[in-house]
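**Student:** One structure, as C-alpha cells, below. Some questions next.
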Amino acid sequence: MRYVIRANRTLPIVCLCQRDRRKDLGDNMSAGGGKKAIFAALSANAGIAVAKFVGAFITGSGSMLAEAVHSLADTGNQGLLLLGQNRAGQEADELHPFGYGRNRYFYSFVVALVLFTLGSMYAIWEGIHKIQHPEKLTSPVVAVVILVLAAALEGYSFATAMRESAELRGGTGWWRFIRNSRNPELPVVMLEDSGALVGLLIALIAVVLTILTDDPVWDGIGTLGIGILLGAIAIVLIVEMKSLLIGEGATPEQVRAITENLVDGTRIDRVIHLRTEYLGPEELLVAAKVAIVPGLEIREIAAAIDDAEARVRAAVPIAQLMYIEPDLYRTQRV
C-alpha cells in the first residue's frame, strides 16, 4: 500500500504565507545580501576610478590606466549587483512560480564576465602594447600619491566586506567561504576588493621601478600583471556563479539537519530520499520522500508531515518551500 497524501490541507493559506515570506526576504536583503558592502565598494570605486583616470592622463602610465579601467568596471559591477538584488525581490508569478531569487546569481555571473572582458582583456592588451612601445612617464610622483590614496579607499571597502561576511562565514576559512557560499554578492565584492588591492600594489611597484630604473617597460609589465590577476579572479567568479546559476543543493550541514529533523522516530522512521536546491540565497527548496510507520491513519500521517515541516524550518529557516511525500519503506526497492 502506498500513501499519496500531502500535509498541506489548507493549500491557499500555505501559498499565501510562502508569498509573504518571499516578500519579507526581499525587504531584508540588505542584511543577507551585504548591501552595506556593495554601497561601500560602489562609492570607493567611483572615486578611485576618477582619480586614476586623472592620474593616467597626467602621467601617461599604462598600469595606472589599467587600474582606472579596473575601477570603472568594478563601479559598474556594484551597480549590477544592486540591480540583481532589486530584481530578485519581485513576487512569484505564473511564469516564475518559485520566484526571482536567482536574479542575484545571474547578475553576479554578468559581473564576472564584465571583469574578465573589460578589466582583464583590456589590461593585458594595454600591457603588451606598453612593453612593445614603452612610453616615458611624466609626473610619476602623482601616480604614486593616487595609488596610495586608492589603496586606502579599497582597504576600507575590503574591511567592510569582511565585516559583512563574518556572520555568514562562521568558523570557515575565507577561501572555503568563497567556494561554498550561496550568497553571491559578498564573495564577488571580497574578490574584487582583494584583487584591487593586489593590483594597486603591482601598479605601485611598476611605477617605482620605472622611476628608479628610468625604464618605462616596467610600467608595461605591471599593466600585464594586473590583467593576468584580473583574469584569474574573473575565472574563479565565473566558475562559482555558473554553479549557483545552474542550481546548487543545501550544504552538507544543512542536509544533515534536514534529515535529522524529518525523522521523529515514532511516526516517521527514515528518509527514503531527499532533494534540495537553492532558489535564491535565502530560499531553499526541499523535496523529500519519508517512510511512515505502518498502521497510521490518514490524519496521523498528515500531522506527522506538518510536524516534520515545522521541525525542519526551525532548524533550517531558509527551507521556505517544502514538499514531503509519505510512503512505506520497502527494502527490495532500495
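The values are calculated or read from the model by the stated rules, or taken from the named source; none is laboratory data. Note that the structure is predicted; figures quoted are calculated from it, not measured. Neighbour counts run over all protein chains shown; Cβ positions are idealised from the backbone, glycine included.
**Student:** Look at Thr276 and say whether it is within 23 Å of the chain's Cα centre (by Cα) and either modelled with pLDDT under 90 or not assigned by TED's automatic domain parsing to the domain that holds Ser181 (or both). Can you show your working first?
**Tutor:** On the way: within 23 Å of the chain's Cα centre (by Cα): yes; either modelled with pLDDT under 90 or not assigned by TED's automatic domain parsing to the domain that holds Ser181 (or both): yes.
It is true that Thr276 is within 23 Å of the chain's Cα centre (by Cα) and either modelled with pLDDT under 90 or not assigned by TED's automatic domain parsing to the domain that holds Ser181 (or both).
**Student:** Report, by residue number, each residue of the range 179-231 that is buried (at least 24 other Cβ atoms within 10 Å of the Cβ) and hydroxyl-bearing (Ser, Thr, Tyr).
**Tutor:** Answer for the range 179-231, where residues must be buried (at least 24 other Cβ atoms within 10 Å of the Cβ) and hydroxyl-bearing (Ser, Thr, Tyr): Thr210, Thr223.
**Student:** Shifting gears a bit: Suppose the filter is assigned to a helix (DSSP H, G or I), at pLDDT below 80 and crowded, with 17+ Cβ neighbours inside 10 Å; does Ser157 pass it?
**Tutor:** Values: assigned to a helix (DSSP H, G or I): yes; at pLDDT below 80: no; crowded, with 17+ Cβ neighbours inside 10 Å: yes.
The answer is no for Ser157.
**Student:** Here's something else I'd like to know. Going by what's in this entry, would Val217 be described as of a type in the set (Val, Ile, Thr), out of contact with any Phe, Trp or Tyr (no Cβ under 8 Å at 6 or more places or on another chain), over 30 Å from Arg87 (Cα atoms) and assigned by TED's automatic domain parsing to the domain that holds Met121? Quick ask: steps written out before the conclusion?
**Tutor:** Numbers: of a type in the set (Val, Ile, Thr): yes; out of contact with any Phe, Trp or Tyr (no Cβ under 8 Å at 6 or more places or on another chain): yes; over 30 Å from Arg87 (Cα atoms): yes; assigned by TED's automatic domain parsing to the domain that holds Met121: yes.
For Val217, the condition - of a type in the set (Val, Ile, Thr), out of contact with any Phe, Trp or Tyr (no Cβ under 8 Å at 6 or more places or on another chain), over 30 Å from Arg87 (Cα atoms) and assigned by TED's automatic domain parsing to the domain that holds Met121 - is met.
**Student:** If Arg256 passes every condition in (1) closer than 25 Å to Asp327 by Cβ; (2) in contact (Cβ under 8 Å) with a residue 24 or more places away in the chain; (3) part of a helix (DSSP H, G or I) but one, which one does it miss?
**Tutor:** (2)
**Student:** Going by what's in this entry, would Leu321 be described as touching a Phe, Trp or Tyr at 6+ places or on another chain (Cβ under 6 Å), touching a residue at least 24 places away in the same chain (Cβ under 8 Å) and within 30 Å of Glu185 (Cα to Cα)? Steps first, please.
**Tutor:** Numbers: touching a Phe, Trp or Tyr at 6+ places or on another chain (Cβ under 6 Å): no; touching a residue at least 24 places away in the same chain (Cβ under 8 Å): yes; within 30 Å of Glu185 (Cα to Cα): yes.
No, not satisfied.
**Student:** Quick one: which helices (runs of 4 or more DSSP H) lie wholly within the range 1-76 and hold at least 1 residues that are modelled with pLDDT of 50 or more and either more than 23 Å from Ile221 (Cβ to Cβ) or in contact with a strand residue (DSSP E or B) (Cβ under 9 Å, 6 or more places away or on another chain) (or both)? Don't jump to the end; show me each part of the working.
**Tutor:** Working: elements: 11-27, 29-32, 35-59.
Ranges flagged: 35-59.
**Student:** Quick one: how many residues across the range 65-119 are more than 18 Å from the chain's Cα centre (by Cα), free of Cβ contacts under 8 Å to residues at least 60 places away in the same chain and surrounded by fewer than 19 Cβ atoms within 10 Å (Cβ to Cβ)?
**Tutor:** 6
**Student:** So is Ala234 in the same structural domain as Phe116 (by TED's automatic domain parsing), touching a Phe, Trp or Tyr at 6+ places or on another chain (Cβ under 7 Å) and surrounded by 16 or more Cβ atoms within 10 Å (Cβ to Cβ) or not? It would help to see each step written out before you state the result.
**Tutor:** Values: in the same structural domain as Phe116 (by TED's automatic domain parsing): yes; touching a Phe, Trp or Tyr at 6+ places or on another chain (Cβ under 7 Å): yes; surrounded by 16 or more Cβ atoms within 10 Å (Cβ to Cβ): yes.
For Ala234, the condition - in the same structural domain as Phe116 (by TED's automatic domain parsing), touching a Phe, Trp or Tyr at 6+ places or on another chain (Cβ under 7 Å) and surrounded by 16 or more Cβ atoms within 10 Å (Cβ to Cβ) - is met.
**Student:** Just the residues that are buried (at least 18 other Cβ atoms within 10 Å of the Cβ) and on the phi > 0 side of the Ramachandran plot, please, taken from the range 282-334.
**Tutor:** If the condition is that a residue be buried (at least 18 other Cβ atoms within 10 Å of the Cβ) and on the phi > 0 side of the Ramachandran plot, then no residue fits.
**Student:** Examine the range 115-136 for a residue that is outside any helix (DSSP H, G or I), of a type outside the set (Lys, Arg) and in contact with an Asp or Glu (Cβ under 9 Å, 6 or more places away or on another chain), and state whether such a residue exists. Talk me through it step by step, then tell me what you get.
**Tutor:** Keep residues of the range 115-136 that are outside any helix (DSSP H, G or I), which gives 133-136.
Then drop every residue that is not of a type outside the set (Lys, Arg), which leaves 133-135.
So of that shortlist, the ones also in contact with an Asp or Glu (Cβ under 9 Å, 6 or more places away or on another chain) come out as 134-135.
Yes; the residues of the range 115-136 include at least one that is outside any helix (DSSP H, G or I), of a type outside the set (Lys, Arg) and in contact with an Asp or Glu (Cβ under 9 Å, 6 or more places away or on another chain).
**Student:** Here's something else I'd like to know. Can you pull out every residue in the range 291-302 that is farther than 12 Å from Thr266 by Cα and either small (Gly, Ala, Ser) or outside the structural domain of Arg267 (by TED's automatic domain parsing) (or both)?
**Tutor:** Step one: list which residues in the range 291-302 are farther than 12 Å from Thr266 by Cα, which gives 297-299, 302.
Ala302, the sole residue that qualifies.
**Student:** Are any of the residues in the range 267-281 buried (at least 16 other Cβ atoms within 10 Å of the Cβ), among the aliphatic types (A, V, I, L, M) and part of a helix (DSSP H, G or I)? Spell out the reasoning first.
**Tutor:** In the first step, residues of the range 267-281 are kept if they are buried (at least 16 other Cβ atoms within 10 Å of the Cβ); the result is 267-268, 271-272, 274, 276-281.
Now restrict to residues that are among the aliphatic types (A, V, I, L, M): 268, 271-272, 274, 279.
Filter once more, so that each one left must be part of a helix (DSSP H, G or I): none.
No; the residues of the range 267-281 include none that is buried (at least 16 other Cβ atoms within 10 Å of the Cβ), among the aliphatic types (A, V, I, L, M) and part of a helix (DSSP H, G or I).
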